[in-house]
1. So what's the net charge close to Thr379: Lys and Arg +1, Asp and Glu -1, counting the other residues with Cβ under 13 Å from its Cβ?
2. Could the peptides 389-401, 315-327 be put in order, highest first, of the mean number of other beta-carbon atoms found within 10 Å of their residues?
3. Taking the Cα-to-Cβ direction at Ser35 and at Asp48 and moving 7 Å from each Cα, how far apart do the two end points lie in nm?
4. Can you sort His160, His239, His233 from fewest to most other Cβ atoms within 10 Å of each residue's own Cβ?
5. Can you check what the net charge comes to around Gly270, using other residues whose Cβ is under 10 Å from the Cβ of Gly270 (Lys, Arg +1; Asp, Glu -1)?
6. Starting with the highest mean, order 419-427, 7-15, 451-459 by the number of other Cβ atoms within 10 Å, averaged over the residues of each peptide.
7. Taking the inverse of the average 1/r across all pairs of different Cα atoms in region 63-157, what Kirkwood radius in Å do you get?
8. Given region 524-645, what percent of its DSSP beta bridges are antiparallel, to the nearest 5?
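Coordinate-derived values only; no laboratory data. What you see is a predicted model; the values in this text were computed from it and never measured. Note that we place each Cβ from the backbone using ideal geometry, even for glycine, and neighbour counts take in every protein chain shown.
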Amino acid sequence: MSEQQKVYPVTPELAENAWINKEKYLAMYKESVESPETFWGEQGKRIDWFKPYTKVKNTSFDPHNVDIRWFEDGTLNASYNCLDRHLETRGDQVAIIWEGDNPAEDKKITYRELYHDVCRFANGLKKLGVKKGEVVTLYMPMVPEAAVAMLACARLGAVHSVVFGGFSPDAIASRVVGSDSRVIITADEGLRGGKHVPLKENVDEGLTNPAVKTVEHVIVLKRTGGDIAWHDHRDVWWHDLIADCADECPAEAMASEDPLFILFTSGSTGAPKGLKHTTGGYMVYASMTHQYIFDYKPGDVYWCTADVGWVTGHSYIVYGPLANGATTLMFEGVPSYPSHSRFGDVIDKHGVTIFYTAPTAVRALMAQGEGVMGDTKRTSLRLLGSVGEPINPEAWQWYYDKIGNGKCPIVDTWWQTETGGILIAPLPGATDLKPGSATLPFFGVQPALVDAEGNILEGETEGNLVLLDSWPGQGRSIWGDHERFVQTYFTTYKGMYFTGDGCRRDADGFYWITGRVDDVINVSGHRMGTAEVESALVAHASVAEAAVVGYPHDIKGQGIYVYVTLAEGFEPSDDLRKELVKWVRKEIGPIASPDVIQFSPGLPKTRSGKIMRRILRKIAANETEGLGDTSTLADPSVVDDLIANRAVK
Ligand code: ATP
Ligand code: MG
């Protein structure tokens, strides 16, 4: 049986003990799409409102009037929901476990401590005149102060815009210009894999860009004590700013539709888009998905390995878990430092029960071969999650067997920066698992597959993934450019939200993301997603990672160009090339036969770890002059190597 057909049924134990079982899922799902007002009117009460809402849903996907509002007449505060409301019941419970880059450094912060830290820093921000509605830019390492800064902004009603700490000075500048930030929060340096990341220096350089005109204050957290330049008129130490601040600070009452944050997409398919997320619907959706999809229960130690610079970090390190009163682990380092067993080490050290990571990390560990997890046991784990890209069935299986010891369900969660929270994923007590499938929609989510003309396709089929109606966590606009929001998501198929992803639905109604619609390959009239061919390649013992793109081909229209990174212990050769072609023919069929295979030591990835096929497509087509927006590339040198070693056709 190939991995793709394997099914892991819900275990009786989970069916019994998880929040949601199969019957409950079906009943709740039905209500959520048939009576969204009633359903969400009830679910909205899971968070605390200063003034309760009376209106629940007011949304339109009409391209002439895209307007999305949830709980619009209620008022609340996100920071209050993550902190104040827990003080009485779990003030002394650990809110954040911090694990440093250096395994000897860690820290535990209780809800009460976090509350006071946030209040104190919010008072510090007030001293700088930070007000409701203004945008504050964060450029931070993965330290608890990143969460403190986010929650302090939310407390005052300021809109945070987190710029991932791996981005360049130019990226900081362009994001600051787009948001007119007056205040930037950063640290002297970050630490990742034992190396120092010059955060303050990058900010200094970004601010020399003449287009940046608004910045008045740079707040600097002392993380490493490394040498930095100082500008007295502008820079202030975090510890100096809060030295005389009170540790109580009232939480501003925000309208449900007041913005909570701006966040940029990863930039896989083009220039990143700065999504605007608002308060009420987002909080309801982040906390609800966190509880049910991860089957979070009091006592769990929950670890999401994302960076707070990505939406996964916003919704599933900070807002979702803290709204639920969970213990959330924040990790400063990288999976390969000081050794490749670091994930296992951290899981054992802190007794992690729920672990959420990305396919890129799983494939990187898998490529290290047997024994990569060292002598770690990982017996505390009970649930695993995946996000960011389709997880190849082979990688799924490895994750299941080697990290989860063959006993933890994997929730493969499909969603986007735009969606605010997870839209398609299994519920551990309700949904059977199929390796490589994100399975079924969450409550209130109405996926559909459409053809190029926007006709809805029924049953077992393949098409473009759209969403037919709004859900509370949905992004409301692109900051400062509502027209781009409408153009990007609502004009391709009238009345529907277009995700940009291709997808297959199987006979059981399960969804399988096949890759980006932009990346679809058309070989002799046959349309193919990238995920299937890549998964076939990854299933070969020699292949650590593969990326597949189309390139102009005289006879077939498009040929299949494959980039392959080999696992430890394998060397490129013509024989291996032939073997891989044969392998794909056998796994999928002659139509998917690679025309060209280029072995490469690395693949171009976004800084969030996703393969950027648009760049590989240009290289394959020998259009290396105009590679498009490369600002989100993690390692630009990979591209030079790929161009230099371009396989000649
Ligand atoms: P940009 O929109 O700038 O091109 P991006 O789409 O990579 O960048 P994100 O919002 O970080 O930015 O990623 C969302 C995309 O990631 C989805 O549209 C999908 O293509 C992919 N994705 C996320 N999770 C999954 C998953 N579980 N399975 C398959 N694909 C996934
Ligand atoms: Mg996208």
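1. Within the 13 Å Cβ shell, the charges total +3.
2. Working: 389-401: 23.3, 315-327: 26.7.
Peptide ranking by packing, descending: 315-327, 389-401.
3. 3.0
4. Placing the least packed residue first, the sequence is His233, His239, His160.
5. Numbers: positive: Lys273, Arg614; negative: Asp518, Asp629.
Net local charge, Gly270 excluded: 0.
6. Most protected by this proxy first, the peptides run 419-427, 7-15, 451-459.
7. Details: mean 1/r = 0.0659 Å⁻¹.
Taking every pair of different Cα atoms in region 63-157, averaging 1/r and inverting gives 15.2 Å.
8. Details: 12 of 16 bridges.
That works out to approximately 75 percent antiparallel.
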